[in-house]
Amino acid sequence: MPSTETTERPFDIIVWGASGFTGRIVVDYMHREYGSGNLSWAVAGRNPAKLESVVGQRDIPVLTADSHDSDSLEKLVQQARVILTTVGPYARYGSELVAACAQHGTHYCDLTGESLWMREMITAHQQTAQDSGARIVHTCGFDSIPSDIGVYFLQKEMQARHGVPARHIKYRTKAFKGGFSGGTIDSMMAMMEAGQKDPTLLKQLANPYLLNDTLRGADGPDRFSPYFDEDFDAWVGPFMMAAINTRVVRRTNELLNSAYGEDFRYDEGSLTGSGAKGFLGATGIGVGSGLFAGLASLPLTRRGLQKVLPKPGEGPTPEQQENGFFEVELRAKHPLDESKNLIASVKGDRDPGYGSTAKMIAESALALAHDDLPVAGGFWTPASAMGDALLNRLPANAGVTFEIVE
Ligand SMILES: NC(=O)c1ccc[n+]([C@@H]2O[C@H](COP(=O)([O-])OP(=O)(O)OC[C@H]3O[C@@H](n4cnc5c(N)ncnc54)[C@H](OP(=O)(O)O)[C@@H]3O)[C@@H](O)[C@H]2O)c1
């Protein structure tokens, strides 16, 4: 049982990491949309002066703790019903926080894309979270909400219209505009560094069912080479978030008791158009991603990349966030009758990684704090814990829409 009844805690939500690049955007969004009167929330981090400068004249309480001081974290997590954390790389800074939330029945959401770390957390704390009632939900940003909620939406529509789940769903990015923060690059580099030190980790990363406990399905390894997709009449290159998103969607299927079917298949890629230009675009994405992974996995070239790419605390400007967007198309195949196939469009009105991500994680924290969710304590995915809640909240509040293309 949680050590403090969660309903008696002073705050609904604490934003942990509020001084970071993404944390600041989350704070601005929450203050703009929910103020400091309608919602009881606070910001927290390790540096009070930095946090005060984030809060400025706004009436938002400030709390301090440190990622590696378990006592300070245990006190922190008992102050709130939900911890929203943007402190990453999560494998470096996040493990004690997850342990504390699982222990004290505090709901939790984050932005990690570090699938090996997620696997480690699930294995270590699943039972504790079930016992305490803590709902722990990783990947509440661009990875993996458009994928996970997009598939949930499309499967719901397929069930409602045709009474069966789609057997295969393809997710393809059509267009997006945005950039990367130093924190995201640091997290990617940390994963590459870990893989270089222990090559068995790379094998685990390649497991399409890494996040599932028991359910295995029909999916094979991720595709990196370009291919022509008849369904979209276009060339497809790799999508850099696919290695996390696909694992999350497959875990959702397991957590929903195989609601998508035991032989459900799911893959992601980037559309680059038809003809020679499309082929060259798809090849370019593949070569570019391979080159980046190669450079990031060797210590010398990794240090070189770190010198030229954004540093922790840096990222796209407010104008770049405002002018950014994303558009994804998902196609669902009916198991027997292709005239019953469905297409969904998922769009975001800010850059995917920061402007839209900040809104997605804030709405996830609000759903964990206030909505009537169908799950008890444990490690959940966004769709398995908050599928319907986010399908209501994201279009209404966060500029992220899910629509069937008729
Ligand atoms: N999934 C997605 O779509 C998505 C999108 C955006 C970001 N992310 C992830 O979110 C994470 C954050 O990215 P970012 O660009 O916001 O990073 P950032 O600007 O470097 O911020 C990191 C935050 O962690 C805090 N921190 C570092 N060490 C700490 C410690 N020992 N105790 C307490 N706080 C500590 C920093 O505090 P100080 O300010 O005191 O240094 C800062 O608030 C990364 O892992 C990134 O990959 C994911």
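Each reported figure results from applying straightforward, stated rules to the coordinates on display, with no laboratory input. Source: prediction; values computed, not measured. Positions of Cβ are generated from backbone atoms using ideal geometry, with glycine treated the same way; all protein chains shown enter the neighbour counts.
Annotations for the structure displayed:
- Each semi-axis of the equivalent ellipsoid for region 4-65 is √(5λ) with λ an eigenvalue of the Cα gyration tensor; in descending order they amount to 18, 14, 10 Å.
- Label-to-label distance, nm, for residues given as ILE404 and SER258 (7 Å Cα→Cβ offset): 2.7
- Within a Gaussian network of the chain (alpha carbon springs, distance under 10 Å), most fluctuating of GLU327, GLU338, GLU254: GLU338
- A straight chain from ALA376 to ARG32 at 0.36 nm per residue would run longer than the Cα-Cα distance by 120.8 nm.
- Its Cα gyration tensor gives region 145-351 an equivalent ellipsoid; the semi-axes, largest first and in whole Å, are 30, 21, 17.
- Axis of helix 145-162 versus longest Cα principal axis of the chain: the two differ by about 60°, to the nearest ten degrees.
- Inter-label distance, nm, simple model (7 Å from Cα along the C-beta direction), GLU319/SER345: 2.8
- Once the Cα-Cα distance is subtracted from the 0.36 nm per residue extended length, the LYS177 to THR214 segment shows a gain of 9.6 nm.
- Label-point gap, in nm, between ASP229 and VAL287 - each point 7 angstrom along Cα→Cβ: 2.2
- Its Cα gyration tensor gives region 114-194 an equivalent ellipsoid; the semi-axes, largest first and in whole Å, are 28, 23, 11.
- Rounded to the nearest 10 degrees, the angle from helix 357-370 to the longest Cα principal axis of the chain is 60 degrees.
- Angle in degrees between helix 242-255 and the longest Cα principal axis of the chain, rounded to the nearest 10: 80
- For GLY105, the residues whose modelled amide H falls within less than 5 Å of its own, excluding neighbours fewer than 5 places apart on the same chain, are ALA134.
- Pairwise FRET efficiency - ASP131 versus LYS203, Cβ, R0 = 30 Å, nearest 0.05: 0.40
- Within the chain, longest stretch clear of exposed trypsin sites (Lys or Arg not before Pro) (DSSP loop, no more than 13 other Cβ within 10 Å): 217-406
- Å³ per residue enclosed by the Cα convex hull of the chain: 137
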